[in-house]
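Here is the structure we will look at, set down as structure tokens.
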Amino acid sequence: MTGETPPSSTAALGKRLWRDWLWRRPGLVILALFLSAITAGAAASYAGVIAWTFDKLNNGAADFFPLAPLAVIGLATLRGVSLYLQTVQTNRLALNVMQDLQNAMFGKLVRADFARLQAEGTGSLVSRFTNDITLLRETIVRLANNLMRDVLTVVITIGVMLSLDWMLSLLILVVYPIAAWPVIRIGQRLRKTSSQAQAQMGEVTSQLEESFSGARMVKTYGLEDYEAERARKSFFDRLRFLLKITENKARVDPILEIVGGLAFAGLVAFAGWRMLNGETSLGNIIGVLTGIGVISPAIRALGTLNAVVQEGFAVLERIFTVLDTDETVTTALDAPALRVTDGAVRLDGISFAYPDGSVALSDISLKAEPGQTIALVGPSGSGKSTVLNLLPRLYDAQTGAITIDGTETRSVSLRSAMALVSQDVTLFDDTVRANIGFGQLDAGEDAIIAAAKAADAHDFIMALPEGYDSPVGPRGSNLSGGQRQRLSIARAILKDAPILLLDEATSALDTESEQRVQAALERLSEGRTSLVIAHRLSTVRHADWIYVMEGGRIVEEGRHDALVARDGLYARLCKVQFGD
């Protein structure tokens, strides 16, 4: 896919996350670091307090003793409060970053090439905003909580331990890094597996969406067992990936446990030898051991954090791929809006193939004079819808040019000049009023009602429980097919664009409603250029010009009567439909 970036290293991903997304909120980052330092400092202070306490006890100085418990309680209270504030702060930071990423990703995808959105399933796209984002949020929280706090805890505690007995402390610094190499290797494997798991999750989401949205067909054709088997295989693949991830994560703790045990055994032996030789005190030994107790959970958390980071950064790489993928159908930011003076549309030598290489159009040339109604007819797969998709630049042709009033459409912002009514009706889960109003966002109540009346929709809308305030449901599920189509037509009428694109605009209507809406569309088409796709040839009998398409080419053109008299493809289509 054009513009996609190659896999990035963990360091590069982390640097970009910090530079572009975390540091854009410096106040939250600095406060989180400050609270992490307080939490780490309080934890590290335990070693010093314990060493001081046991040295005093060993020397028989009992008068200080009440201060020791109070000091420990004070440190525990300070650490508890700072830990709470740090957790809240880091989660606030992570959630703000997630919101920024979601907004950026949605803004990118909603403007992405139509071909890209068609090629990548809806389930896969939705999974990026749900499963991927949730996993990344958990990674950032762990990074903010554990990386800052635990690194500071280890550094400060080691500093205290070195001040107590540098030789004992150096032993720890030599042994623990031994565990780093296998932990890093595990993390690398985990990142690859996690990346595959996230992609597979998108496939699962797509499959579930297909199964549930196609429930009518599934039940009618008795495909319940087939769909259940498909889901079972997908869930099994999901289980397999998650088990691999779990197995890799589970290896980290045992490695750290064994290394920690070796370090502790060596420390006890070495400390005993030094104490017997009078080279250190009991307080220093207990202080160093307390320090180990403080840093061991922190080091273990950092060890497991690598696995979490690799899993989360696999997701981050997918998100950055979305943000970095360039559109191929682009309009310059300073491109002027198309000014339609007459509405003359021309396609000259247009050829188009889809990304998979299948040829849809071959050397197509057609024209629509100002105010004309041009019909495109032909069997399914002949390229009619592709022509309509090229006009608003949902795709760009590989060869040829499309002009409107002599202006090449690639050089202008043109979609505000067009209104589309498709056989695939798109309604949003909002009110009837809102779905009509999408045609013109600042339209008033009177204009919306007028558009509904022109589309023969006002009467059924007023019969709904809340009239124009009635919810249409997800994808218009509260309405019939014909009602959904009429709202779509009302939306196009409200937009009042000079160029109309009608793709089977009346296909879902009964005969009576079709006649009324067809009449409304004919009135709307007066003075406007209309390009119409219709399988019902009765709706294009009176078109100003008809182009007959087959196999991505124009094979006939003319008016209805002349095409019938020619006794070609159009005539055969008419005989099939009209029986004459």
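Reducing region 114-173 and region 426-501 to their Cα centroids gives an inter-centroid distance of 48 Å. Between the residues 401, 370, 462, the greatest Cα displacement towards the positive end of the dipole of region 346-493, with unit charges on the Cβ of Lys, Arg, Asp and Glu, is found for 401. Between the amide H of residue 372 and those of 530, distances stay under 5 Å, these residues lying 5 or more places away or on another chain, with hydrogens modeled in the peptide plane.
Rounded is the label for region 332-434, because a/c, from the alpha-carbon gyration tensor with a ≥ b ≥ c as root eigenvalues, stays below 1.5. Working from label points 7 Å from Cα in the Cα-to-Cβ sense, the residue 67 to residue 328 distance is 7.6 nm. Per-residue 3J(HN,Hα) values for region 365-372, derived from phi via the Karplus relation 6.51 cos²θ - 1.76 cosθ + 1.60 with θ = phi - 60°, read 9, 8, 9, 10, 6, x, x, 7 Hz in sequence order (x marks Gly and Pro).
Summing charges over neighbours of residue 22, with a neighbour being any other residue whose Cβ is under 11 Å away from its Cβ, gives +3 when K and R count +1 and D and E count -1.
Pairs to check: 15/233; 384/453; 108/367. Give those whose C-alpha atoms are more than 32 Å from each other in this structure.
Checking Cα-Cα distances, 15/233; 108/367 exceed 32 Å.
Residues whose amide H falls under 5 Å from that of residue 343, counting only those 5 or more places apart or on a different chain, are 405, with hydrogens built in the peptide plane. About the centre of its Cα atoms, region 408-567 shows a dipole size close to 240 debye [charges on the beta carbon of Lys, Arg (+1) and Asp, Glu (-1) only; nearest 20 debye]. In plain terms, the chain from residue 34 to residue 85 could stretch by 17.3 nm, reckoned as 0.36 nm per residue minus the Cα-Cα distance.
Net charge in the neighbourhood of residue 447 (other residues with Cβ under 13 Å of its Cβ; Lys, Arg +1, Asp, Glu -1) is 0.
Taking amide H positions as modeled 1.01 Å from N, with prolines and chain starts lacking one, the residues under 5 Å from residue 550 and 5 or more places away or on another chain are 555.
The charge dipole of region 363-428, taken about its Cα centre with unit charges on the Cβ of Lys, Arg, Asp and Glu (plus for the first two, minus for the last two), comes to roughly 100 debye. Here the spin labels are modelled as points 7 Å beyond Cα on the Cα-Cβ line, and at residue 566 and residue 96 they lie 6.6 nm apart.
Applying the Karplus relation 6.51 cos²θ - 1.76 cosθ + 1.60 with θ = phi - 60° to region 560-573 yields 3J(HN,Hα) values of 3, 4, 5, 5, 5, 5, 6, 6, x, 4, 4, 4, 5, 5 Hz, where x marks Gly and Pro.
Estimated translational diffusion coefficient (Stokes-Einstein, Kirkwood radius over Cα pairs, 37 °C, 0.692 mPa s) of region 365-496: 199 µm² per second. For residue 348, neighbours were defined as the other residues whose beta-carbon sits under 11 Å from its Cβ, and their charges (Lys and Arg +1, Asp and Glu -1) total 0.
Is region 538-580 best put as rounded, prolate or oblate by its Cα gyration tensor, with a ≥ b ≥ c the root eigenvalues, rounded for a/c under 1.5, and otherwise prolate when a/b is larger than b/c, oblate when not? Because a/c hits 1.5 or more and a/b fails to exceed b/c, region 538-580 counts as oblate.
No value in this document is a laboratory result; all are computed from the given coordinates. The structure presented is a predicted model; accordingly, all values stated were derived computationally and were not measured. We place every Cβ from the backbone using ideal geometry, glycine too, and count neighbours over all the protein chains shown.
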